[in-house]
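For reference, the structure discussed in these notes is given below.
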């Protein structure tokens, strides 16, 4: 038993998703009705376009099948909770960011297993999924993502005073946990980390930059306003790296599969902070 991947990682991810639920209210879900165009642009970009762009890249990029599947895992992940904070820094639509993060995370119970297992079938020549079913993977996603979010919402609903005081502290703790998970994933492959980063670093950078550019201009093309364009761009650039690392380790045993999630998680903060700096000065 590996205590990091079998115990610490699932608990860290569950806590991060609990914190996400802690900040949610019913209005966050009603925003789908209130801002259907902006929500659709963000959801379509992240759930549909991001995996398609990732798949095109891994098909034309000379990388190992395990790394290619790892790229698809991070592409299938929903937005990370830090996207809400960076959207605030960029003076974007934070409410829309919260709605996109929450709803796409909950939809991940269906979308992540489908995208990942479909990708494995198309990219791998081995029987890596012979012991993995869509149902079992969806069950794992439900337990580690949906249940903690619901518990966080219930905690807020019934213990609002404590939840309001606890949430800022919990968000800081969840950020620390994410950093620890990322460092743990890198440390587990420390002997080959330079080689792996050389193989996966550039493709994850290209994926991240292309997706942010596509999301920004698609939102502009479809008439989203400045605040919403900022939100959608950041939301499509910042993925839930902890969840991607969890999938890569729990389903595929880590190794090469986890490297794209680690490299993307490092790169996405740099590109997002550059984007925030630019839009605060220009837009």
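Taking P(r) over Cα pairs in 10 Å bins from 0, in percent straight from the coordinates, which label in (i) 7, 31, 38, 20, 4, 0; (ii) 6, 28, 34, 23, 9, 1; (iii) 6, 27, 37, 22, 7, 1, 0 is the correct one? It is the one labelled (i). The slack between residue 8 and residue 183, meaning 0.36 nm per residue of separation minus the straight C-alpha distance, is 61.7 nm. Mean sequence separation of contacting Cα pairs (under 8 Å, at least six apart), scaled by the length of segment 3-278, corresponds to a relative contact order of 36 percent. On full extension, the segment bounded by residue 143 and residue 266 gains 41.6 nm, given 0.36 nm per residue less the C-alpha separation. By the helix-only formula, in which each DSSP H run with n ≥ 4 contributes -39500 (n - 2.57) and the sum is divided by residues, the chain has a 222 nm mean residue ellipticity of -25500 deg cm²/dmol.
If the chain linking residue 217 and residue 167 were pulled fully straight, counting 0.36 nm for each residue of separation and taking away their Cα-Cα distance, it would gain 14.6 nm. Remark: spin-label model distance residue 25-residue 44 equals 3.0 nm, labels positioned 7 Å along the Cα→Cβ axis.
Relative contact order of segment 138-283, taken over Cα pairs closer than 8 Å and 6 or more residues apart, is 26 percent.
Bear in mind that the values in this text are calculations on the coordinates, not laboratory data. Keep in mind it's a predicted model, so treat the numbers as computed, not measured. FYI the Cβ positions are ideal-geometry reconstructions off the backbone, even for glycines, and counts take in every protein chain you see.
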